[in-house]
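Novice: Below you will find the structure I want to go over with you.
Only the coordinates and a few stated rules stand behind these numbers; no lab work does. The structure displayed is predicted, hence computed values, not measured ones. Note that we place each Cβ from the backbone using ideal geometry, even for glycine, and neighbour counts take in every protein chain shown.
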């Protein structure tokens, strides 16, 4: 009879221990899910997100076009300046 009672107590302890492990495992999984969800949200919507990256790429393209336009405008104005400078009488 004592052996049966010991076996029952041992099984209860084993079940409790497995239950505690299961609860910690579930809590760990919940924590990891929340952690990863936060980082994925940061990737899509944060300060270094894909949207910001695409906006910066568009701004870079616009600025490159602006540089080309300003360089052409500068060349035209320099040509005009030197043409006018040559028209002035030499002293």
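Novice: Please work out how much length the chain gains when fully extended from residue 66 to residue 20, using 0.36 nm per residue of separation minus the C-alpha to C-alpha distance, in nm with one decimal. Walk me through the intermediate numbers first.
Specialist: Working: separation 46, 0.36 × 46 = 16.56 nm, distance 6.47 nm.
Fully extending the segment from residue 66 to residue 20 adds 10.1 nm.
Novice: Between residue 35 and residue 48, what is the spin-label point distance in nm, taking each point 7 Å from the Cα along the Cα→C-beta axis?
Specialist: Label at residue 35, label at residue 48, 1.8 nm between them.
Novice: Compute the normalised compactness of the stretch 47-91: alpha-carbon radius of gyration over 2.2 N^0.38 Å, N being the residue count.
Specialist: Details: Rg = 19.5 Å, N = 45, 2.2 N^0.38 = 9.3 Å.
Cα Rg divided by the expected 2.2 N^0.38 Å: 2.08.
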